[in-house]
Amino acid sequence: MELKKFFLVLLTVLIGAIGLTGCGKKGKDPSSSEKTQQSKEYVYRMEELNISEEEFGSVTMLRSGERFLAYEYIWPEDGDSYSINFSEVSEDGKRSPLFQLDGEPNGGYNGIVADADNLYMIKNIYYYDGVIDEETGETIEEGEYHDEYYLVKLSLSGEEIFSVNLSDIPELKALEEQNGYMNAYGMFLADNSIYVSCVGVYVRFDKEGNFQKLMGTPGEDNDFNNANFIPLLDGRVAAMIYEENGATIALADMEKGSIGEKHTLSGAFSYSYYPGIGYDLYVTDNYGMYGYNIGDEALTPLLNFVDSDFAFWGISNVLAINEKEFYGYYDSIMDGGSNLAKFIKVDPSEVKEKTILTLAMAYTDWAVRSEVIQFNKTNEEYRISIQDYASMYATEEDYNAGVTRLNTDIVSGKIPDMLLLDSSMPVDSYINKGLFEDLKPYIEKDSELDMDNFMPNIIEMCSKDGKMYILMPSFSIQTLVAKTSEVGAERGWTVQEAMDLWDSKPEGTEFLNGMTKENMLRESLNYASSQFIDWESGKCNFNSEDFVKMLEFSNRFPEEIDDDYYTDDYWENYDSQWRTGKVIASQSYIGDFRNYNNVKKSLFGEEVTMIGFPSSDGDGSVVMPGLQLTMSSKSANKDGVWEFLRTFLTDEYQSDIYGFKISIKHMEKMAQEATKKPYYEDENGNKVEYDDTTYIDGVEIVIDPMTQQEADEFLEQIYTFRQMYRFDEALNEIIEEEAAAYFSGQKSAKDVAGVIQSRVQIYVNETR
């Protein structure tokens, strides 16, 4: 019954919503200086509309002429019947009941829309007309299953004005017989007509329920048939058409059944579209809301979530009230909740004046964005403006355009007050150029922080020549794990040692499951490239015997993994392949103590060593930063920047983040927690412990918590990791391009290594 409720409500909300989702490109965002000046222009406040009649209810709003209506599904606790309660919502958010519509026991309503005086909806009824014995469930008389759809019109007092069975219309009956089914799953109103999406086409009715015509040609692949339609508030109809190269938008001629000039809105980010006031459309995404007139080259910013202190994933079901107000559902980042609210534009003169700090990020980071919003809410002197280069420049064709543009801006001197670094950025080069501030003096002067309380190896990775340029509040370990009985207890091994172990195994044994030549070479470089490049001196040694051996080792793996690899036997014995020795090592991402405990006691079933990828320097494991933040040495507001950055080192933040933490105190707490069984809190707040379990080939296995000795030894190991993960796509492409000649048998490994040495040396010289 609950599942039935869920899907019925979900279907109605999805179909009844006016907004459509597509892909678009906002065009160039303002520059950093422009953003600083204009941030006041995009500020809204919100008023919660607590108009649901149930604790966890979901209200959908509709425009009805100049008024606004709301409807909500109400489910009684003692049955599976339901009702839909309709109300009018006043400008101050008060809900006045209109009528209650009883739900269909075998069906439901969808596509609910309204004009100034009436409601229109699709009613679906499905039933079986055979006779079944209620006690035994046996069929007494055979029958047929029926799925009927009705176009229904109601007055705003709930009186039924007409109900049209769509199967009674000859043109639709013919389509039903041709396709073998009947369906109707949405509608909209335009030019005093009703347009119903039915059996793959739109069907036009007049407002008295009279069939007028089929729109477009059934079964034909054309723009009109493929479009999603949005009725604009001035009576025109917009059409969204999703094509191979992105989304386009155009005006539709509903009388002729044709599409006008199409305008491209290609891009990497998902947008939703709603009828606007002052603009043809309101467009929303994860960053805010924009105005768009069909034919414009770019979107016009209207509402910015960060500037408004909204910790939102997004806003949906937008319903324009006037040019400065709208209704909408917001999705909270903080608690995952969703609620209906009224949003009101704040006059820029009412926005409090603060010193603006800029934070640039190559890719959207929701955790940092949430911290920025919290900082902006509470700090009386400073306000952070986020320059999200992913939202500004990335496209479907080039997702990395954001980080590329950010690097270009930094090199050209456009440096924000602080940066959220990405592992693909040339961080060492920026440090060498003196672009980052030493954070160590700020920590030492901070009365609430103590350098001795932080993981020394993490501090070392974030430092150069005794100066700490990067803040890394959390991290994980990425490495290869293998049985201690086979590789020994010490971390690190050479390529030759890895090959010798593999050679000693029975035929068919895999070193890593599902790994190809190219992927093995790429991963080896990502985890152990420091053995071949000294970024400090700029020297490379890809023509060394060690790199030649790495090429030879990678060449042992298959060219590609085809479908024959994934046999029934593979899946049936997948969980035990490391225990039984079919696979030697596992590429593991370890972010907490329980994670490591599971790898050891579940995946391998015995003592393991975080051996790392084979490398000559013995350090084929990396620390993967959860975050990397830095302060610009050029910032004019360094004290303000530190007020924000220090947040990530506080006990409050460190106690509430996932992964290993830079705080020694909180790492020790993690170690202590790992010696206990997992638990949850019951309705009375009591801790209820339970076993941590897994399944190996269908057999349940209990994973015992770590002993104190195991937890202490693992913590000691974490102190020994000293290499930070860096990803260099350009470097990888050079090496993979040249290695392909060896993998295909055209050149020797030694010859390829020489070419790679030459090309990479030039690249390093240009990059440093």
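The values are calculated or read from the model by the stated rules, or taken from the named source; none is laboratory data. Note that the coordinates shown come from a computational prediction; the quantities given were computed from them, not determined experimentally. A quick note on method: Cβ atoms are made from the backbone with ideal geometry, for glycine too, and the neighbour counts reach across all protein chains shown. Note: areas computed on protein heavy atoms with side chains; ligands, DNA, RNA excluded. Shrake-Rupley method; radii C 1.70, N 1.55, O 1.52, S 1.80 Å.
Could you figure out which of (1) within 30 Å of ALA390 (Cα to Cα); (2) at pLDDT 75 or above; (3) surrounded by 16 or more Cβ atoms within 10 Å (Cβ to Cβ) isn't true of ARG45?
The one condition ARG45 does not meet is (3).
Kindly check whether there is at least one residue in the range 558-571 that is crowded, with 18+ Cβ neighbours inside 10 Å and not small (Gly, Ala, Ser).
no
Out of the residues in the range 201-245 that are aliphatic (A, V, I, L, M) and under 28 Å from ILE161 (Cα atoms), state the one that is most open to solvent (accessible area, probe 1.4 Å).
My answer is LEU233.
Can you tell which of GLU176, GLU148 is touching a helix residue (DSSP H, G or I) at 6+ places or on another chain (Cβ under 7 Å), of a type in the set (Asp, Glu), within 17 Å of TYR126 (Cβ to Cβ) and at pLDDT 90 or above?
Answer to the check: GLU148.
Which of the residues belonging to the range 502-550 are open to solvent by 20 Å² or more (accessible area, probe 1.4 Å), among the aromatic types (Phe, Trp, Tyr) and at pLDDT below 95?
TRP535
Could you pull out the residue among ILE112, ILE122 that is surrounded by 17 or more Cβ atoms within 10 Å (Cβ to Cβ) and either modelled with pLDDT under 90 or out of contact with any Cys (no Cβ under 9 Å at 6 or more places or on another chain) (or both)?
None of the others qualify; the one that does is ILE112.
Search the range 145-179 for residues being under 38 Å from the mean Cα position of the chain (by Cα) and open to solvent by 30 Å² or more (accessible area, probe 1.4 Å), and hand back the single one that is farthest from LEU98 (Cα to Cα).
ASN179
Would you please name the residue that is surrounded by the most Cβ atoms within 10 Å (Cβ to Cβ), looking only at residues in the range 479-499 that are assigned to a strand (DSSP E or B) and in contact with a helix residue (DSSP H, G or I) (Cβ under 7 Å, 6 or more places away or on another chain)?
VAL481
Starting from residues that are of a type in the set (A, V, I, L, M) and farther than 20 Å from GLU518 by Cα, keep the ones in the range 717-768 and report whichever is surrounded by the fewest Cβ atoms within 10 Å (Cβ to Cβ).
ILE762
If I filter the range 335-347 for residues that are open to solvent by less than 20 Å² (accessible area, probe 1.4 Å) and acidic (Asp, Glu), do I get at least one hit?
Within the range 335-347, none of the residues are open to solvent by less than 20 Å² (accessible area, probe 1.4 Å) and acidic (Asp, Glu).
Taking helices (runs of 4 or more DSSP H) that fall entirely within the range 574-660, which contain at least 2 residues that are under 30 Å from GLU448 (Cα atoms) and open to solvent by 10 Å² or more (accessible area, probe 1.4 Å)?
Here the list reads 638-645, 651-654.
Conditions (1) among the small types (Gly, Ala, Ser); (2) more than 19 Å from LYS324 (Cβ to Cβ); (3) assigned to a strand (DSSP E or B); (4) modelled with pLDDT under 85, marked per residue:
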| site | (1), (2), (3), (4) |
| --- | --- |
| GLU41 | no, no, no, no |
| SER52 | yes, yes, no, yes |
| MET61 | no, no, yes, no |
| GLU72 | no, yes, yes, no |
| GLY79 | yes, yes, no, yes |
| PHE86 | no, yes, yes, no |
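If the Cβ limit is 6 Å and pairs must be 6+ apart or interchain, which residue in the range 226-248 that is without any contact (Cβ under 8 Å) to a residue 40 or more places away in the chain pairs with which residue that is surrounded by 19 or more Cβ atoms within 10 Å (Cβ to Cβ) and assigned to a loop (DSSP other than H, G, I, E, B)?
Every condition considered, the pairs that remain are ALA239/ALA227; ILE241/ALA227.
Between a residue in the range 34-58 that is of a type in the set (A, V, I, L, M) and any residue that is at pLDDT below 80, which pairs come within a Cβ distance under 9 Å, given they are 6 or more apart or on different chains?
Partner pairs satisfying both residue conditions: LEU49/GLY93; ILE51/GLY57; ILE51/GLY93.
Which residues, taken from the range 516-535, are in contact with a helix residue (DSSP H, G or I) (Cβ under 8 Å, 6 or more places away or on another chain) and either in a loop (DSSP other than H, G, I, E, B) or under 24 Å from GLY745 (Cβ atoms) (or both)?
LYS517, GLU518, MET520, LEU521, ARG522, SER524, LEU525, PHE532, TRP535
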